[in-house]
Each structure stands twice: as C-alpha cells, then as structure tokens.
1. Please go through region 142-187 and give me each residue that is in contact with a helix residue (DSSP H, G or I) (Cβ under 7 Å, 6 or more places away or on another chain) and among the small types (G, A, S), ordered by number.
2. Which residue out of T128, T97, T113 is β-branched (V, I, T), surrounded by fewer than 20 Cβ atoms within 10 Å (Cβ to Cβ) and either under 30 Å from A242 (Cα atoms) or modelled with pLDDT of 95 or more (or both)?
3. Filter region 59-76 down to the residues that are crowded, with 23+ Cβ neighbours inside 10 Å and either of a type in the set (D, E) or within 23 Å of P141 (Cβ to Cβ) (or both) and list them by number.
4. In region 76-131, what residues are among the aliphatic types (A, V, I, L, M) and out of contact with any helix residue (DSSP H, G or I) (no Cβ under 6 Å at 6 or more places or on another chain)?
5. Test A249 against the stated conditions and say whether it is touching a Pro at 6+ places or on another chain (Cβ under 6 Å) and at pLDDT 95 or above.
6. Would region 72-95 turn up any residue that is over 21 Å from T118 (Cβ atoms) and either under 19 Å from the mean Cα position of the chain (by Cα) or not in a strand (DSSP E or B) (or both)?
7. Do we find a residue being β-branched (V, I, T) and closer than 30 Å to P241 by Cα anywhere in region 72-81?
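The values are calculated or read from the model by the stated rules, or taken from the named source; none is laboratory data. Note that the structure is predicted; figures quoted are calculated from it, not measured. Quick reminder, even Gly has a Cβ in these numbers, built from the backbone with ideal geometry, and neighbours come from all protein chains shown.
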Amino acid sequence: MSVLVTGASGFVGSWLTKALANDGHRIVAQMRRPPSTLFKKLGLDAQPLVEVVIEHDIAEVARTCRPETLFHLAGMSQVGQAQENPLLAFETNARQTWQLLEAVRNMPTSPRTVVASTDALYGETGNTPATEAHPLNALGPYETSKLMADVAARAYAQFGLPVVVARLGNVYGYGDENHARIVPGTLEAIRNARAPRLRGGGRAVRSLLHIDDCIAALRLLAEHAAEPGLRGEAFNVSGEPAMTTRAIARLTLDVFGREDIEPEISDDAPGETSRRFSSSARLRETLGWRQKISMKEGLLRIKKEMEAE
C-alpha cells in the first residue's frame with residue numbers, strides 16, 4: 001500500500017511512519033524541513049520504504065504521489081506559537097488542509113484519508129469527558145484553526161471522499177521534545193535533576209494516550225474511512241483515566257525512581273486549572289479499538305527507550 005504522511009517528521013508522524021514501514025508499506029514522508037532527531041533516531045531517513053519529501057506545498061505532494069492512504073498530521077501544534085502568530089496558525093492548520101482536500105477531491109481515485117484534529121475543540125469539559133456530541137467551543141487561534149480544518153474535512157466528505165477526523169487527546173511517548181507538555185516537561189526536569197514546575201496548582205485535568213495506542217487508532221480509522229456511517233465523521237482518540245497534571249508528574253517521577261523530588265506547584269495561572277478531556281467510547285463501540293497501554297506501562301516504555309540511548 002502506498003501512503004502519504006504529512007508532518008511525518010513530527011512526534012506522531014515519525015512513529016506512524018515507522019509502524020507503516022515495519023508492515024511493508026511504501027511511505028512518502030512529507031515535511032517542511034530536514035528530518036527531526038526522532039525521525040533519524042528511528043532510522044527512517046535510511047529506511048528504503050520511506051521517501052522523504054521536503055516540501056511546503058502539501059497539496060502538490062499529494063497530487064504527485066497519489067497515495068492509496070493519506071494521514072494528514074502536518075500543522076502548527078504549539079498553542080503558544082499560535083497565540084503569538086495567529087495568521088500563521090490559520091494558514092498552516094486551516095488553509096493548507098482544505099487545499100489538500102481539494103487536491104484529493106480532484107484525484108481519479110481518492111485515498112482513504114485521516115485528518116488529525118484535537119479534542120481541545122471542546123474547550124472546558126467540566127467533570128464529564130467530552131463526547132463527539134459535545135458543543136465545540138474553540139476560542140484561541142490554535143483551537144479555532146484546528147476547528148476550521150476539522151469542519152472542512154467533514155464537509156469534503158459530501159463529495160464522496162473517504163475522509164474521517166481523529167480528534168486527538170494528549171499523546172505521549174518516547175521522543176516527544178515538546179517540553180510544554182506535561183510528560184516531556186517532567187522528563188526534562190528529571191534529566192536536569194530539578195523539580196518539574198506545575199502552574200495552576202497542578203489541578204489541570206488531561207487524558208493521556210500512549211503513542212502506540214494512538215497509531216493503532218489512526219490506522220483503524222484509515223482502514224474504515226470509506227464505509228457508510230464513518231465517512232465524514234469525527235472520532236475522539238484519547239486515553240483514560242483522566243488525571244491531574246500533579247498526578248501525572250508524580251507518577252512520572254516515581255516510575256523514574258525520583259521519589260525524592262516534589263513538583264514545584266504555583267497558583268499563578270488560573271487558566272491552567274482547566275479540565276479538558278474526552279471520551280473515546282464511540283471509537284471503541286464503532287470499530288472495537290481498545291486502549292492497551294496504561295499510563296504506568298507507557299512511562300516504563302519511555303524509561304526503557306531512554307536507558308537504551
């Protein structure tokens with residue numbers, strides 16, 4: 001099977017590309033700049049089944065390679081960066097998505113397509129995990145730009161495109177260098193023998209999903225994207241149980257043998273006490289997907305990978 005992965009050099013993209021190549025698929029790995037450290041660490045730059053294409057015009061890449069399956073992961077993933085440069089966020093996350101979908105619409109045979117979105121679209125969820133029926137409450141430039149891409153993807157399904165949307169929760173695993181996220185940030189603190197710093201009292205609630213479970217969900221969605229009842233639909237892809245950032249940091253410290261370190265907690269950022277998490281019940285009930293890796297097991301896997309470096 002021929003596959004196009006946009007944003008293949010990112011955290012999710014690198015691991016997805018590795019999984020696909022391991023199963024013998026031919027992958028065009030689109031990226032905007034030379035391969036990331038993780039991409040190279042996984043040996044993907046030397047993998048004969050992986051063709052690296054450094055190109056900003058994702059639609060043109062799709063028109064050229066005409067894949068059988070398409071995973072659209074490219075975009076701006078940093079909330080802070082989107083806040084600083086909202087125009088770039090809208091260009092990168094929204095505009096390039098519908099340009100890509102238009103290119104797909106004009107292909108002789110449309111690839112089964114998964115567009116990566118985010119469960120941040122739901123905004124604050126309170127004490128109940130958001131389902132796909134939850135009101136969409138995107139406010140900031142990151143969330144709004146992703147909402148525009150999410151809606152565009154579902155709209156293009158009316159043309160018969162086999163496209164589904166994956167609203168990803170907080171995905172973690174080995175090789176994630178985004179230290180603004182709770183797990184990579186805590187691991188960076190451990191590397192530097194200091195306490196992780198948690199704002200908002202450490203009370204923010206998130207649902208985390210190991211990268212392997214995320215990839216299994218993305219591949220399952222792609223496999224069934226053309227089916228009636230799934231085409232044009234959105235599915236949450238997130239982990240359970242939801243945990244506070246304080247509990248996540250504490251578990252990470254314990255797994256890495258740093259029971260002696262206590263997180264530094266401040267209450268100077270009320271907005272970071274948010275409760276934002278979602279339920280993957282629809283994905284489980286519709287396609288039989290199951291989260292297989294607990295938070296503790298996922299952290300142990302990261303530890304093993306780090307020890308092998």
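1. The answer is S145, A149, A152, A153, A166, G169, G173, G175, A180.
2. Numbers: T97 fails: surrounded by fewer than 20 Cβ atoms within 10 Å (Cβ to Cβ); T113 fails: surrounded by fewer than 20 Cβ atoms within 10 Å (Cβ to Cβ).
The conditions single out T128.
3. If the condition is that a residue be crowded, with 23+ Cβ neighbours inside 10 Å and either of a type in the set (D, E) or within 23 Å of P141 (Cβ to Cβ) (or both), then H72, L73, A74, G75 are the ones that fit.
4. Those that are among the aliphatic types (A, V, I, L, M) and out of contact with any helix residue (DSSP H, G or I) (no Cβ under 6 Å at 6 or more places or on another chain): L87, L88, V104, M107, A116.
5. On the way: touching a Pro at 6+ places or on another chain (Cβ under 6 Å): yes; at pLDDT 95 or above: yes.
Yes.
6. No.
7. Pass one, region 72-81, residues β-branched (V, I, T): 79.
Those still in the list that are closer than 30 Å to P241 by Cα too: 79.
Within region 72-81, one or more residues are β-branched (V, I, T) and closer than 30 Å to P241 by Cα.
Here is a yes/no grid of residues against (1) more than 17 Å from C214 (Cβ to Cβ); (2) of a type outside the set (A, V, I, L, M); (3) free of Cβ contacts under 8 Å to residues at least 60 places away in the same chain:
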{"residue": "T17", "(1), (2), (3)": "no, yes, yes"}
{"residue": "N22", "(1), (2), (3)": "no, yes, yes"}
{"residue": "Q47", "(1), (2), (3)": "yes, yes, yes"}
{"residue": "V50", "(1), (2), (3)": "yes, no, yes"}
